[in-house]
Structures are given as C-alpha cells and as structure tokens.
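J.: Got a structure here, written out as structure tokens. Questions coming.
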Amino acid sequence: MSTTNSIAQARKVVEQLRVEAGIERIKVSKAAAELMSYCEQHARSDPLLVGVPTSENPFKDKKPCIIL
Amino acid sequence: MACQGLGPNETLATLKTESETLKTKLEEERAKLHDAELHQVAEKVEALGQFIIKTRRTLKGHGNKVLCMDWCKDKRRIVSSSQDGKVIVWDAFTANKEHAVTMPCTWVMACAYAPSGCAVACGGLDNKCSVYPLSLDKNENLAAKKKSVAMHTNYLSACSFTNSDMQILTSSGDGTCALWDVESGQLLQSFHGHSADVLCLDLAPSETGNTFVSGGCDKKANVWDMRSGQCIQSFESHESDINSVRYYPSGDAFASGSDDATCRLFDLRADREVSVYSKDSIIFGVSSVDFSLSGRLLFGGYNDYTINVWDVLKGTRVSILFGHENRVSTLRVSPDGTAFCSGSWDHTLRIWA
C-alpha cells in the first residue's frame, strides 16, 4: 500500500537525519587550521607546487644542447 | 500488517514534522561552529608564486571523446576509456600504447587501474563493470579473459578498486553505489541514499579508514561507511549535478566539482562546506577535480575546455590552462604528484607538469 511505503520511507529519512544530527563536530576555525597545517607540512614534497628540476621529472624532456 | 511497528502516535504527518525539526537542528548545529572562513584563517599563509605548467605529452589514439582515465601505481602507466568503446593502456613517459581493448558497448564512462597494475576495470552503458587482466603478451586477446563483476540496472558512472585487486566499488545511474568481490562477482554491500543518478565516487586515503564519498544528480555529496552501508554524512550545497568528488590528501575533507560551475571544499570534521572556488567569468560546469600532493592546489577540468588551478586555502585562482579543443572530461594527478593527466572530448589526453 502506498501509505505503508510512504511511512517506511519517512521513517528512514528520520532515522538517517538522527544519525547525521548526532555526529560530533569541530569548529571551522580549528578544521581550517588543520587543513593549513597539512598543506604546510607537505608543501616541500609537492612537485606540482614547488616544481622539480627538469632532470628529475620524467615528463619534462631533457633536451641536450647541440653545438653545431 | 499494514502499519507494523508504528508507535502509538506515529503517523506520516508526525514523521514529516520530526524530519523537518531534525533538518533545522542539523543546520543550527553546523551554524554554531561556523566561526570563521577558511580563506580568512589562511590570510597569513604565503601567497603562491607564478605557475609554469605546460602540456608535456599528448596521447592520441582514441577515435572519440575520452570519458575517463586512471593512473597506475607505477606512476607512468595510464588507462583511459572512450565513447568509441575502446579502453587503452598507455605508457605516459613515451606516449606509446601498450594495450587496447574494445568493449561491447559504446560510452565507456568509467575505468580504473588495479593496485597491482595487473588489471583494469571498466564499464558504462552496458550497466556492468568488467575486469580485464593485463597480459605481458601484447598479442594476447585481452577480451577473452574478461570477467564481469558488477551488475547495475543503469549505466556505470564510476569504478574504483579498493586497497587490493579483490574488491571494486561502483556507482551507477541507478542511484546506488555497490561494493563487489572481483573473484566471485558477489555483491558485498550496497549503498542507498541518493535520489538520482550517482555520477562519481572516491575512496578515503587508506590511513583514514573504510569510507568513501559519492556525488550525484541530486546535488548531494554523501559519505558512506563501507562496512555497514550507512550514509554517515550528507552535504547539499551545490546547485546542480555533482560530477566529481575527490578526498583531500589528509582524508579530513573532500572537494567536489559541479555543473553549477563551482568547486567546493567540504570539511568532514566541521561537517560543512568551508570554501567555494568560483568566478563570475566561469560559467561552464566542472567535470573533474583533483588535488596536488600537499592539498594546496586544486585542479578543475571544465566544460569550457580549460583547466583552472585553485589555491585551496586562499580560495583564489592561481592559473588557467589552455590546450584542449573540447570539454575536459576527466583529470587525475599522478600517484607521486609529479604531473597530472587530463582527458577530453577532443579525443586526446594531455600530461601536464
């Protein structure tokens, strides 16, 4: 019966919302600080961020100089 | 029989009221913790310098739109799939093709490399996800060893191996995601909660545990517990279909790209959107997003043929990359972060570094 389905569905929605409402959250300022700290810690080893010398990046072609 | 287990005062009306109350409570709880914006907190971070990223390789060989690609863990091989039904494995260093498989369907919308590098998975309009072991013998017919793993009731939009070659996670136009055992083809877990096509998924980095995020045409991004099948968090701030989701490298956040022309960053512990990457001049949808290794850069492939590079912390655009001659449909950073690959409706893939 459609009523039973609607009730079952509505109950599922309520259950789901209860789960979501009940989780623990932290402040945005704290979350942001942690995202920043992760970036900072790993910045030096991020090749696309700091760039790697041509000799170490397999995608950057090492073109030898040809003296004519 | 008709209304089993209903409490004495429970009716459809009371359940609906309760659901509205809970939604309001959820918004209030999230708002209470909204004490700052990410870009404000990041004001003191040093600004990024000039960016020189160029196309280093162009992979030509597909006969039609490239729809999806994935890197091998060896950081040099790539698998790509196309509307023409072909799945190609490339050596990105040399731009040579190593394997090619013709699928029985067109629009192969999803492909993934196995962690071992010994197999690839793909699927699309056939509603299935199939695994092809890669043979060292170039003459061997790969299609003969094909193994059908997943069966959905609508198109396959994305697939990903979990930490091993043994399990595959899929998302589908049928509105569900599912976890499958590769060997037996058995359905291990299904994930219900999206109210429309699921378009993308991404697994949390292994250190953070057994969760994954999915995005769909219902404008929602859902975070799931892989073991229980439960949706643990849901985010609804995009204004249109979510085409791509990708975890931040620490696992504490994820980015999404949408047809609403924005990319957004959602922090899992603050349980809310913490940044929007947009510009008035950007009006075309984002098809795919990925982070650089440190999480500082977000690369977005757009339907206006460009790739925009965003400073994740400051919220500003750092660079715009031109080169593709049609929509960018897929984009992934290599496993060691030295380059990223983009695939396009212009039939090519480009490696940028």
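No value in this document is a laboratory result; all are computed from the given coordinates. It should be emphasised that the depicted structure is a prediction, and the values quoted were computed from it without experimental measurement. Ideal geometry is used to build each Cβ from the backbone, glycine not excepted, and the neighbour counts take in all protein chains shown.
J.: With 10 angstrom as the radius, rank B:Phe322, B:Phe299, B:Phe161 by how many other C-beta atoms surround their C-beta, starting from the fewest.
T.: Values: B:Phe322 9, B:Phe299 29, B:Phe161 22.
Taking fewest neighbouring Cβ atoms as first place, the list is B:Phe322, B:Phe161, B:Phe299.
J.: Any of B:Lys73/B:Lys314; B:Lys65/B:Lys86; A:Lys27/B:Lys32 with alpha carbons more than 19 Å apart? Name them for me.
T.: Numbers: B:Lys73/B:Lys314 31 Å; B:Lys65/B:Lys86 10 Å; A:Lys27/B:Lys32 8 Å.
Flagged as over cut-off: B:Lys73/B:Lys314.
J.: Quick check on my link table: of B:Lys25/B:Lys220; B:Lys219/B:Lys279; B:Lys60/B:Lys220; B:Lys60/B:Lys279; B:Lys147/B:Lys220; B:Lys220/B:Lys279, which ones sit more than 26 Å apart, alpha carbon to alpha carbon?
T.: Numbers: B:Lys25/B:Lys220 19 Å; B:Lys219/B:Lys279 20 Å; B:Lys60/B:Lys220 35 Å; B:Lys60/B:Lys279 32 Å; B:Lys147/B:Lys220 32 Å; B:Lys220/B:Lys279 22 Å.
The pairs that break the limit, which is 26 Å between Cα atoms, are B:Lys60/B:Lys220; B:Lys60/B:Lys279; B:Lys147/B:Lys220.
J.: Please build a GNM for chain B, connecting alpha carbons under 10 Å apart, and tell me which residue among B:Gly301, B:Gly124, B:Gly63 fluctuates the most.
T.: The residue that fluctuates most here is B:Gly63.
J.: Turning to a different aspect of this structure: Compute the normalised compactness of chain B: alpha-carbon radius of gyration over 2.2 N^0.38 Å, N being the residue count. Numbers along the way, then the final one.
T.: Details: Rg = 20.7 Å, N = 353, 2.2 N^0.38 = 20.4 Å.
Its radius of gyration relative to the 2.2 N^0.38 Å reference: 1.01.
J.: Can you tell me the mean projection area, over all orientations, of the convex hull of segment B:101-242's alpha carbons? Units nm², please. Provide the component values of the computation, followed by the final result.
T.: Working: hull surface 33.9 nm².
Computed as one quarter of the Cα hull surface, the answer is 8.5 nm².
J.: Loop-only check: which trypsin sites (Lys or Arg not before Pro) in segment B:263-342 are DSSP coil with at most 15 other Cβ within 10 angstrom?
T.: Working: sites: B:Arg264, B:Arg269, B:Arg272, B:Lys279, B:Arg296, B:Lys314, B:Arg317, B:Arg327, B:Arg332; in loops: B:Arg269, B:Lys279, B:Arg296, B:Lys314, B:Arg327.
Counting only loop positions with at most 15 other Cβ atoms within 10 Å, the trypsin sites (Lys or Arg not before Pro) in segment B:263-342 are B:Lys279.
J.: Also: Efficiency by 1/(1 + (r/R0)^6): what FRET value for B:Ser319 and B:Thr21, r their Cβ-Cβ distance, R0 = 45 Å, to the nearest 0.05?
T.: Values: r = 46 Å, r/R0 = 1.02.
The pair B:Ser319/B:Thr21 has a calculated efficiency of 0.45.
J.: Can you tell me the dipole magnitude for segment A:1-53 around its Cα centre, using point charges on the Cβ only (Lys, Arg +1; Asp, Glu -1), in Debye to the nearest 20? Intermediate values should be presented prior to the final figure.
T.: Working: 7 positive and 6 negative charges, 50 e Å.
It works out to roughly 240 debye.
J.: Determine, for each peptide in B:113-122, A:12-21, B:222-231, the mean count of other beta carbons within 10 angstrom over its residues, then list the peptides with the highest first. Before the final figure, lay out each step's value.
T.: On the way: B:113-122: 20.8, A:12-21: 16.2, B:222-231: 18.0.
Averaged packing, sorted descending, gives the order B:113-122, B:222-231, A:12-21.
J.: When the chain is fully extended, how far beyond the present Cα-Cα distance does B:Thr106 get from B:Asn141, taking 0.36 nm per residue of separation? Working shown, then result.
T.: On the way: separation 35, 0.36 × 35 = 12.60 nm, distance 1.91 nm.
That pair, B:Thr106 and B:Asn141, stretches by 10.7 nm at full extension.
J.: Then there's this: Kindly provide the Kirkwood hydrodynamic radius of segment B:271-348 in Å, to one decimal, from all pairs of distinct alpha carbon atoms.
T.: Working: mean 1/r = 0.0779 Å⁻¹.
Result for segment B:271-348, one decimal place: 12.8 Å.
J.: If I model the protein assembly as shown as equal point scatterers sitting on the Cα atoms and use the Debye formula, what is log10 I(q)/I(0) at q = 0.08, 0.09, 0.14, 0.15 Å⁻¹?
T.: Those come out to -0.45, -0.56, -1.28, -1.44, one per q.
J.: To the nearest µm²/s, what D does Stokes-Einstein give for segment A:1-49 at 25 °C and 0.890 mPa s, using the Kirkwood radius over alpha carbon pairs as Rh?
T.: Working: Rh = 14.7 Å.
Stokes-Einstein gives a translational diffusion coefficient of 167 µm²/s.
J.: With a 10 Å cut-off between alpha carbons and a GNM built on chain B, which of B:Ser319, B:Ser171, B:Ser281 moves the most?
T.: Looking only at B:Ser319, B:Ser171, B:Ser281, the biggest GNM fluctuation is shown by B:Ser281.
J.: Restricting everything to alpha-carbon atoms, can you work out Rg to Rh for segment B:215-352 with a Kirkwood hydrodynamic radius?
T.: Working: Rg = 14.4 Å, Rh = 15.0 Å.
Reported Rg/Rh (Cα atoms, Kirkwood Rh): 0.96.
J.: Moving on to the next point. In whole angstrom, how far apart do the alpha carbon centroids of segment B:10-29 and segment B:197-212 sit?
T.: Each part reduced to its Cα centre gives a spacing of 29 Å.
J.: So what's Rg/Rh here for segment B:60-149, counting alpha carbon atoms and using the Kirkwood radius for Rh? Don't jump to the answer; show the numbers that get you there.
T.: Numbers: Rg = 11.7 Å, Rh = 12.7 Å.
Rounded to two decimals, Rg over Rh is 0.92.
J.: Kirkwood hydrodynamic radius, segment B:15-80, all distinct C-alpha pairs: what's the number in Å? Don't skip to the end; give the middle numbers.
T.: Working: mean 1/r = 0.0545 Å⁻¹.
Averaging 1/r across every pair of different Cα atoms and inverting gives 18.4 Å.
J.: Mean separation of Cα pairs under 8 Å and 6+ residues apart, divided by the residue count of chain B: what relative contact order is that in percent? Numbers along the way, then the final one.
T.: Details: 955 pairs, mean separation 47.3, N = 353.
Rounded, it is 13 percent for chain B.
J.: Would you mind giving the mean number of other chain beta-carbons within 10 Å of the Cβ of each residue in B:162-168, as a whole number? Mind dumping the intermediate values first?
T.: Values: counts 0, 0, 0, 0, 0, 0, 0.
Per residue, the average neighbour count from other chains is 0.
J.: For helix A:2-21, what angle does its Cα long axis make with the longest principal axis of chain A, in degrees from 0 to 90 and rounded to 10?
T.: Between helix and principal axis, roughly 50 degrees.
J.: Determine by what factor the alpha-carbon radius of gyration of segment B:165-257 differs from 2.2 N^0.38 Å, reporting the quotient.
T.: Working: Rg = 12.5 Å, N = 93, 2.2 N^0.38 = 12.3 Å.
Cα Rg divided by the expected 2.2 N^0.38 Å: 1.02.
J.: Hey, another quick one. Explain nothing, just the number: relative contact order of segment B:8-121, from Cα pairs under 8 Å at least 6 residues apart, as a whole percent. Walk me through the intermediate numbers first.
T.: Numbers: 149 pairs, mean separation 20.9, N = 114.
18 percent.
J.: Shifting gears a bit: Sequence neighbours fewer than 8 away in the same chain don't count; with that in mind, list the lysines whose C-alpha is under 16 Å from B:Lys75.
T.: Here the lysines satisfying the reach criterion relative to B:Lys75 are A:Lys60, B:Lys97.
J.: Using r as the Cβ-Cβ distance of A:Ser37 and B:Asp280, and R0 as 30 Å, what FRET efficiency do you calculate, to the nearest 0.05? Provide the component values of the computation, followed by the final result.
T.: Values: r = 32 Å, r/R0 = 1.06.
E between A:Ser37 and B:Asp280, to the nearest 0.05, is 0.40.
J.: Counting only other residues whose beta carbon sits under 12 Å from that of B:Phe51, what net charge do I get with K and R as +1, D and E as -1?
T.: The answer is +2.
J.: Going by alpha carbons, how many degrees (0 to 90, nearest 10) lie between the helix axis of A:28-42 and the longest principal axis of chain A?
T.: 30
J.: Work out Dmax and Rg for segment B:8-127 from the C-alpha atoms and quote the Rg first, both in angstrom.
T.: When restricted to Cα atoms, segment B:8-127 yields Rg and Dmax of 24.3, 71 Å.
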